[in-house]
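Written below as structure tokens is the structure these notes are about.
The values are calculated or read from the model by the stated rules, or taken from the named source; none is laboratory data. These numbers come from a predicted model, not from an experiment. Every residue, glycine among them, receives a Cβ derived from its backbone with ideal geometry; neighbour counts consider all protein chains shown.
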């Protein structure tokens with residue numbers, strides 16, 4: 001094992017956006033069992049520190065790969081195309097218009113049904129964009145376009161959080 005290996009190699013997985021979550025979790029559990037610091041308790045403090053570094057590295061890889069957006073961004077980065085979500089917020093005009101329409105719809109929604117309808121629409125768009133990311137990364141080999149889709153998905157996820165918060169207020173009777 002090489003602590004500097006990419007997350008996929010570290011966990012023994014094929015480098016692709018589409019992955020089997022059960023396989024990811026099984027690989028993580030197996031590797032975590034091998035490097036857990038408790039296994040090295042009798043070997044002294046230095047061995048335990050090294051094991052702790054390995055355990056942290058394995059956990060970081062698992063956390064990154066189990067989240068679709070983090071995994072997509074990571075694959076783009078590995079391909080030399082960082083997502084740069086903090087500095088690159090450029091989006092196509094049609095997507096920006098859609099965002100504005102969704103935000104207006106959320107502001108104007110005055111009942112749970114209207115908010116739920118919006119939630120369903122946004123969820124469908126998220127699902128379609130994730131399918132597009134799969135196509136771009138695993139089939140087309142186009143990390144530049146995938147990075148733009150990841151940035152769009154980040155916007156969608158922020159909006160989804162706002163929609164979910166609104167739905168929770170309705171559930172709480174507010």
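Annotations for the structure displayed:
- The range 158-174: number of residues that are assigned to a helix (DSSP H, G or I) and out of contact with any helix residue (DSSP H, G or I) (no Cβ under 7 Å at 6 or more places or on another chain): 7
- Of all residues in the range 110-128, those that are within 19 Å of the chain's Cα centre (by Cα) and surrounded by fewer than 16 Cβ atoms within 10 Å (Cβ to Cβ) total 4.
- Any hit, the range 75-95, residues being under 26 Å from residue 8 (Cα atoms), in contact (Cβ under 8 Å) with a residue 40 or more places away in the chain and loosely packed, with under 12 Cβ neighbours inside 10 Å: yes
- Of the helices (runs of 4 or more DSSP H) lying entirely inside the range 1-67, those carrying at least 3 residues that are more than 18 Å from the chain's Cα centre (by Cα) and outside the structural domain of residue 146 (by TED's automatic domain parsing) are 21-35, 45-66.
- Single match in 131, 174, 124 (criterion: modelled with pLDDT of 95 or more and more than 18 Å from residue 73 (Cβ to Cβ)): 124
- Exactly one residue among 91, 154 is in contact with a helix residue (DSSP H, G or I) (Cβ under 8 Å, 6 or more places away or on another chain) and not in a loop (DSSP other than H, G, I, E, B), and that residue is 154.
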